[in-house]
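Before any comments, here is the structure.
The values are calculated or read from the model by the stated rules, or taken from the named source; none is laboratory data. Keep in mind it's a predicted model, so treat the numbers as computed, not measured. Positions of Cβ are backbone-derived with ideal geometry, glycine not excepted, and every protein chain shown enters the neighbour counts. Side chains included, ligands, DNA and RNA excluded: accessible areas come from the protein's heavy atoms. Shrake-Rupley method; radii C 1.70, N 1.55, O 1.52, S 1.80 Å.
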Amino acid sequence: MKKSDHIQNGEKEMADIQNLTKLLADAREKGYAVGSFSARYTKLIRPIIQAAINTDSPVIVQLSEKEVIRHKVGIKEFADEFYRVAEELDPQIPLSLHLDHTKTPEVIKEALEAGFTSVMIDASEKDFDENTAITQRVMEMAKPYHATVEAELGKIGTTDFAETDTDEELYTNPEEAAEFCRLTGVDCLAVSVGTAHGVYTVRQPKVDYERLEAINRLTDTPLVLHGGSGVPSEMVVKAAQIPTGGVSKVNIATDIELAMLAVIGREGHMTEEELNACTAEQIEKSREAVRLLVEDKIRNYLLSENRA
């Protein structure tokens, strides 16, 4: 299935597949967050979309550059399965296909060609000027595809290195965030306010709500909270309902894979090929576990139920 087969004026003719502009504007205005769920495997795309259908919620399905490498899943194959499932289920809810943390322009280009409706350029390890310049270039890359762009300012820590290469954390400066958004025109901004990628063990999650409020007062750009797995629901709800705008997109990755692995009876990580080699019963049960998890996140964590 080719992107050109389904796009007209920047949106797909089938289902309601779109970029992040409308999804996040509505979330920001109404005080909820849209879940951006990392399927990591093509077989977990379906339960994520089915959960959103069951709860009448907008949803974002995502894959990151490091997940492509770690789980050995192809970008085109992932996009093809997303569109196949969307065509089969024909959901009457807003859907988006997002490329998460990516540092390589060639990978971003491949995703855009494959039909991703949104991409993230992560140049947060660069200084402000270089991050700005790189983000501006990606904004130009995305324009012909009518795709939205997410960037990151500040450094979001990690516990498992599935998304980033360092556990260093640097909180986002509100004034810098406002200037960065003004210079780049980026569609949404991932901010570092206390959460981390991966499983929380010794260190516990926290959210700097005052920092979020300050950033939102200075820019209208929708904000993204990464490291959503393991963060207590009340923290995310409070972050989404901040009167100045809160967070509009929350990334959830680790919880999805853990739900699948618990059913399969594995620890660590699996490749796409290894999951495909599991029995039909294992795959079906793991899909059911993921569907139930996503439905719970939508209802009790993101408050996006009945928002489609």
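Before moving on, here are some points about what is shown:
- Unmet requirement for A15, which otherwise passes all of (1) of a type in the set (G, A, S); (2) at pLDDT below 95; (3) open to solvent by less than 10 Å² (accessible area, probe 1.4 Å): (3)
- Long-range neighbours under 7 Å by Cβ, at least six apart or interchain, first residue closer than 11 Å to R40 by Cα within the stretch 64-83, second among the small types (G, A, S) and surrounded by fewer than 24 Cβ atoms within 10 Å (Cβ to Cβ): K66/A162; E67/A162; R70/A162; I75/A114
- Qualifying positions in the stretch 272-289 - of a type in the set (S, T, N, Q) and surrounded by 11 or more Cβ atoms within 10 Å (Cβ to Cβ): N276, Q282, S286
- Checking R307 against (1) part of a helix (DSSP H, G or I); (2) in contact with a Lys or Arg (Cβ under 8 Å, 6 or more places away or on another chain); (3) surrounded by 19 or more Cβ atoms within 10 Å (Cβ to Cβ), the condition it does not meet: (1)
- Test: residue in the stretch 217-233 that is assigned to a helix (DSSP H, G or I) and open to solvent by less than 10 Å² (accessible area, probe 1.4 Å): no
- Residue in the stretch 124-145 that is modelled with pLDDT under 95, open to solvent by 10 Å² or more (accessible area, probe 1.4 Å) and of a type in the set (S, T, Y) present: yes
- Filtering the stretch 234-256 to residues that are at pLDDT 90 or above, open to solvent by 20 Å² or more (accessible area, probe 1.4 Å) and under 22 Å from T21 (Cβ atoms) leaves only Q241.
Rundown of residues vs (1) assigned to a loop (DSSP other than H, G, I, E, B); (2) closer than 12 Å to S124 by Cα; (3) hydroxyl-bearing (S, T, Y); (4) at pLDDT below 90, yes/no style:
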position	(1), (2), (3), (4)
T166	yes, yes, yes, yes
E179	no, no, no, no
L183	no, no, no, no
V193	yes, no, no, yes
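- Screening A79 with (1) open to solvent by 10 Å² or more (accessible area, probe 1.4 Å); (2) closer than 17 Å to G115 by Cβ gives one miss only, at (1).
- Tallying residues that are among the β-branched types (V, I, T) and farther than 27 Å from L225 by Cβ within the stretch 271-301 yields 3.
- Residues that are in contact with a Ser or Thr (Cβ under 8 Å, 6 or more places away or on another chain) and of a type in the set (V, I, T), drawn from the stretch 232-267: V250, I252, T254, I256, V263, I264
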